[in-house]
1. Anything in the range 20-48 that is loosely packed, with under 11 Cβ neighbours inside 10 Å and modelled with pLDDT under 85? List them, or say none.
2. Within the set of pairs 6+ apart or on separate chains, which have a first residue in the range 1-22 that is in a helix (DSSP H, G or I), a second that is surrounded by fewer than 12 Cβ atoms within 10 Å (Cβ to Cβ) and among the hydroxyl-bearing types (Ser, Thr, Tyr), and C-beta atoms under 8 Å apart?
3. Looking at (1) more than 25 Å from Ala22 (Cβ to Cβ); (2) modelled with pLDDT of 75 or more, can you tell me which one Leu66 breaks?
4. Counting just the residues of the range 49-77 that are over 24 Å from the mean Cα position of the chain (by Cα) and acidic (Asp, Glu), which one comes out surrounded by the most Cβ atoms within 10 Å (Cβ to Cβ)?
Amino acid sequence: MSRADAYHRMLMSAAKFQHNIALILEAKAVEAERSCQWICGHVSGEHFENHGDQLKGTVDIHDQLLEVIDGMTKMERALAKHLSVLLGEPDSDGGSDDSGGEAGDFFSFGDSK
């Protein structure tokens, strides 16, 4: 298998992985819509003893949603970083590089086979 074929297979795998993530997010959107209906019906004043309990319940739900969004963001950033290393692009976000070094020309699509 040539180097170009290996890169092509890696990129196709990344594309399939992204497609699966899209399917997961689509299912999460359906679940979120159901949760929204449930939350709107059950996080109302008559289901709690006082306003403080109601506020605590809504803050807990909000924190859970933030954790889900944070996890998805971290996963997408990691995928983007791996693809940029594969494509040989420099790190554009200016952040620290967890790999400890530059991949540079090692991953370039030069004429070498």
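1. Cys36, Trp38, Cys40, Gly41, Ser44, Gly45, Glu46
2. Final answer for the pair search is Arg3/Ser112.
3. The single condition Leu66 does not satisfy is (1).
4. Asp53
Residues checked against (1) within 22 Å of Ala80 (Cα to Cα); (2) acidic (Asp, Glu); (3) in contact with a strand residue (DSSP E or B) (Cβ under 9 Å, 6 or more places away or on another chain):
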{"residue": "Ala22", "(1), (2), (3)": "yes, no, no"}
{"residue": "Arg34", "(1), (2), (3)": "no, no, no"}
{"residue": "Asp53", "(1), (2), (3)": "no, yes, no"}
{"residue": "Val59", "(1), (2), (3)": "no, no, no"}
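The values are calculated or read from the model by the stated rules, or taken from the named source; none is laboratory data. Keep in mind it's a predicted model, so treat the numbers as computed, not measured. We place every Cβ from the backbone using ideal geometry, glycine too, and count neighbours over all the protein chains shown.
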